[in-house]
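J.: One structure is given below, represented as structure tokens, and several questions about it will come after.
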Amino acid sequence: MSKTGAVDPSTQEPLLPLRAASEFAAPTPRVPKRILVLGATSGIAETCCRLWAERGDSLFLVARSPEKLAAVAADLHTRGAAFVGTTVANLDDTAAHPELLAHAINSLAGLDIAFLALGVLGDQAQAERNFARAAEILHTNFVAPVSLLTWLGNYCAQRHAGTLAVLSSVAGDRGRKSNYVYGSSKAGLSAFLGGLRNRIDREGVRVMTIKPGPVKTAMTEGMQGSEKFADVDKVATTIVKSIDAGQDVLYVPGIWRVIMAVIRIIPEQIFKKLNL
């Protein structure tokens, strides 16, 4: 007997229940995204770009190496990106940011996602001895992203739309002697992103702080214990899914949320004696 209990009188067979017209409707096609990627040749950014290309999104890539940028763009074309535009630029040059960003967005005919992946590890030992080396790390990892985010945040807020997804780091959750210059630059960036999110989320703009743990990329190659670092493909897949989901803060892999929570609560009297 059907759920309706109705029976065809000519055959005595149960009638199939009526189905809503919406059950037969074709699924709504996915609208390709327009994505600006700053620092596009970094390991995580390049892997994310491959995922975006394979689903047919439009991409505009900015990086400082012409050779690497051309290779990444060619690869994304073959993977199915709807559009790939590029500009070679040194993102440390904050004075050039307004013109660069306007050009990128005009090339994309709008903006849905800006993914900021610029950054350097730097040399902690050199930065301890020479302020100029420390200043370079702080400029690339904090000052330059703040410049980009100020312009992009205002652009998106005026349009009440857009997502700003930014690579910070778990290193910013607490200063450690092994990388406190890099960590402090990421701590500042995470704090800035938190404030920016608090300001423009109500304008319809998503601001996402991405905090990876150590990931196997060219930047971390040769580091002690790098064979245990997270797989970049898995990290990129998580990032892309989390951007789509509108997540605010992402620790990736997720275990780092727990690890850093433990590290943050260690009393300073004990923490200062640890070799971290």
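Read-outs: derived from the displayed coordinates by stated rules, not from any lab. Nothing here was measured: the structure is a model prediction, and the numbers come from that model. Don't worry about glycine lacking a Cβ; one is built from the backbone with ideal geometry, like all the others, and counts go over all protein chains shown.
J.: For Gly204, all conditions in the list (1) closer than 23 Å to Thr41 by Cβ; (2) touching a helix residue (DSSP H, G or I) at 6+ places or on another chain (Cβ under 9 Å); (3) without any contact (Cβ under 8 Å) to a residue 60 or more places away in the chain; (4) among the small types (Gly, Ala, Ser) hold save one; what is the number of the exception?
T.: Result: Gly204 fails condition (1) only.
J.: Next question. Name the helices (runs of 4 or more DSSP H) wholly within segment 36-129 that hold at least 1 residues that are closer than 22 Å to Ser169 by Cβ, within 19 Å of the chain's Cα centre (by Cα) and of a type in the set (S, T, N, Q)?
T.: By residue number, 43-54.
J.: Which of the residues spanning segment 251-276 are loosely packed, with under 11 Cβ neighbours inside 10 Å and more than 16 Å from Thr209 (Cβ to Cβ)?
T.: Val258, Val262, Ile265, Pro267, Glu268, Gln269, Ile270, Lys272, Lys273, Leu274, Asn275
J.: Could you figure out which of (1) within 17 Å of Val249 (Cβ to Cβ); (2) of a type in the set (Lys, Arg); (3) free of Cβ contacts under 8 Å to residues at least 12 places away in the same chain isn't true of Arg197?
T.: The failed condition is (3).
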